[in-house]
1. Please list, in chain and number order, the residues 5+ apart from Arg9 or on another chain whose amide H is under 5 Å from its amide H, with Hs placed from the backbone.
2. Any lysines with Cα under 18 Å of the Lys36 Cα? List them, leaving off those in the same chain fewer than 8 positions away.
3. Tell me the per residue accessible area of the stretch 63-217 using a 1.4 Å probe; a whole number in Å² is fine.
4. So for the chain: antiparallel DSSP bridges make up what percent, rounded to the nearest 5?
5. Carbon and sulfur together cover what percent of the accessible area of the stretch 118-190 at a 1.4 Å probe radius?
6. Expressed as an acute angle from 0 to 90° and rounded to the nearest 10, what is the orientation of the C-alpha long axis of helix 87-104 relative to the principal long axis of the chain?
7. Hey, what number do you get for the chain at 222 nm if only DSSP H runs of n ≥ 4 count, each worth -39500 (n - 2.57), divided across all residues, to the nearest 500?
8. Which FRET efficiency value, to the nearest 0.05, do you get for Asp106 and Ser21 by plugging their Cβ-Cβ distance into 1/(1 + (r/R0)^6) with R0 = 25 Å?
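The values are calculated or read from the model by the stated rules, or taken from the named source; none is laboratory data. Keep in mind that what you see is a predicted model, and the values were worked out from it rather than measured. Cβ sites come from the backbone with ideal geometry, for glycine too, and all protein chains shown count toward neighbours. Remember, those area values only see protein heavy atoms, side chains included, never the ligands or the DNA or RNA. Shrake-Rupley method; radii C 1.70, N 1.55, O 1.52, S 1.80 Å.
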Amino acid sequence: EEGGLSVLRVGESVWSLWEPSDGVFNLEWLQPILDKAQKQGISIIIGTPTYSIPPWLASKHPELIAQRKAGQPIAYGHRQNVDYSNPLFLTYAERVIRKIVERYKDHPSIIGWQVDNEPGLELFHNPHAFAEFKEYVKAKYKTIENLNHEWGLVYWSHQVSDWEDIWLPEGNTDPTYDLDWRTFQSQLTTKYISWQADIVREIVPTDHFVTTCIDLG
């Protein structure tokens, strides 16, 4: 109040506080903060906490950790360390999102919601993501001949005869492959953020906005 702040964002990076162990939720810590903000005329944006997973989830499901190269997961302790295209992760994320949003959707201090935080910083090299990428390429190019032509694979002797011959992205030097790989990853992020936003919009009052934030660095 003394600093002239009119809006605060809270809650977006503290999944381990919201859910200290699997299925055990701690939702009441935010109530006094919201009440005090309301008294001081400060509005609140609540962020969903899904961009940094708690230790119990990483230990229980290490396959959810994002891989920067095939078979090389990010060491735990880093934020933005989860493969959010994994359907199993989405079940855990939806559970905590719904708990938080349903608990605080009617507090008068709240004006909006931020889903996740700075998504899209990692390119997921996890096995299921690569398998989805090959399906994406197959749907886009229809035939092996089109793929070879559009990717220019005659050069450097990279022509393929089967969809399974598409090599892992960490070994790639073909620029058109790289463009498709990054486009595919961008679509994973768009799908994920839209999915979260739909869950929140389903629950909150219609005058609450729903947004996210992007790291442009």
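1. Residues meeting the amide H criterion: Ile45.
2. Here the lysines satisfying the reach criterion relative to Lys36 are Lys105.
3. Values: 8050 Å² over 155 residues.
I get 52 Å² per residue for this part.
4. Bridges in the chain are about 25 percent antiparallel.
5. Working: 2140 of 4030 Å².
Exposed carbon and sulfur together represent 53 percent of the surface.
6. Helix 87-104 and the main axis of the chain meet at about 20 degrees.
7. After summing the helix terms and dividing by residue count, I get -12500 deg cm²/dmol.
8. Given R0 = 25 Å and the Cβ-Cβ separation, E is 0.40.
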